[in-house]
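A quick write-up on the structure given underneath.
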Amino acid sequence: METLEALLEEVRAALRRADFKRLTQLTPAIEAASATLDLSIGREALLRLQEKSATNAALLEAARRGIRAARRRVEEARSATRSLQTYDNTGKRADILAAGLTAGRF
């Protein structure tokens, strides 16, 4: 139990540092410790493990959302170099191609 609890703490620390390489290293140890967990350790200990797991799950979800947002932002920056989106007075979107790009076949 102490090993699993320590591993969950280490996962939390790795998530807070965005150390994804360390997370991949910890995964096999957590799986092994979970498989050998003695469920008769008591309610308090199980609740502590559940709380630590829930905290880590929330941190993982936040990391996933952050990575997704960063990827979207990078794609927006890339597309901004190719064209500019504007809107006319009726609200219709118009794309203006960047210099050097052609709109037709030539």
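Read-outs throughout are calculated quantities, based only on the coordinates presented, and are distinct from any laboratory measurement. Predicted model only: the values in this text are computed from it and were never measured. Backbone-built Cβ (ideal geometry, glycine too); neighbour counts: all protein chains shown.
Looking only at the stretch 15-34, which residues are farther than 17 Å from ALA58 by Cα, within 15 Å of the chain's Cα centre (by Cα) and surrounded by 13 or more Cβ atoms within 10 Å (Cβ to Cβ)?
Scanning the stretch 15-34 gives a single hit, ARG22.
For SER79, indicate whether it is among the small types (Gly, Ala, Ser), touching a Leu at 6+ places or on another chain (Cβ under 6 Å) and closer than 30 Å to ILE96 by Cβ. Explain how you work it out, then say what you get.
Values: among the small types (Gly, Ala, Ser): yes; touching a Leu at 6+ places or on another chain (Cβ under 6 Å): no; closer than 30 Å to ILE96 by Cβ: yes.
Here the answer is no, as SER79 does not meet what is asked.
GLU51 - would you say it is closer than 30 Å to LEU97 by Cα and among the acidic types (Asp, Glu)?
Considered against the rule, which asks whether it is closer than 30 Å to LEU97 by Cα and among the acidic types (Asp, Glu), GLU51 comes out as no.
Being in contact (Cβ under 8 Å) with a residue 12 or more places away in the chain and either more than 10 Å from LEU4 (Cβ to Cβ) or of a type in the set (A, V, I, L, M) (or both) is the filter here; which residues of the stretch 28-37 pass it?
The answer is ALA29, ILE30, ALA33, LEU37.
Here are some residues: ARG78, ARG12. Which one is surrounded by 10 or more Cβ atoms within 10 Å (Cβ to Cβ) and not in a loop (DSSP other than H, G, I, E, B)?
Just a single option satisfies the conditions, and that option is ARG12.
Taking SER83, is it free of Cβ contacts under 8 Å to residues at least 24 places away in the same chain and surrounded by 10 or more Cβ atoms within 10 Å (Cβ to Cβ)?
So SER83 fits the description; yes.
Working only within the stretch 1-27, note down all residues that are touching a residue at least 40 places away in the same chain (Cβ under 8 Å) and among the small types (Gly, Ala, Ser).
Selection gives ALA18 alone.
Could you please tell me which pairs satisfy a Cβ distance under 6 Å, a separation of 6+ or placement on different chains, a first residue in the stretch 44-55 that is among the aliphatic types (A, V, I, L, M), and a second residue that is surrounded by 11 or more Cβ atoms within 10 Å (Cβ to Cβ)?
From the stretch 44-55, the pairs are ALA45/MET1.
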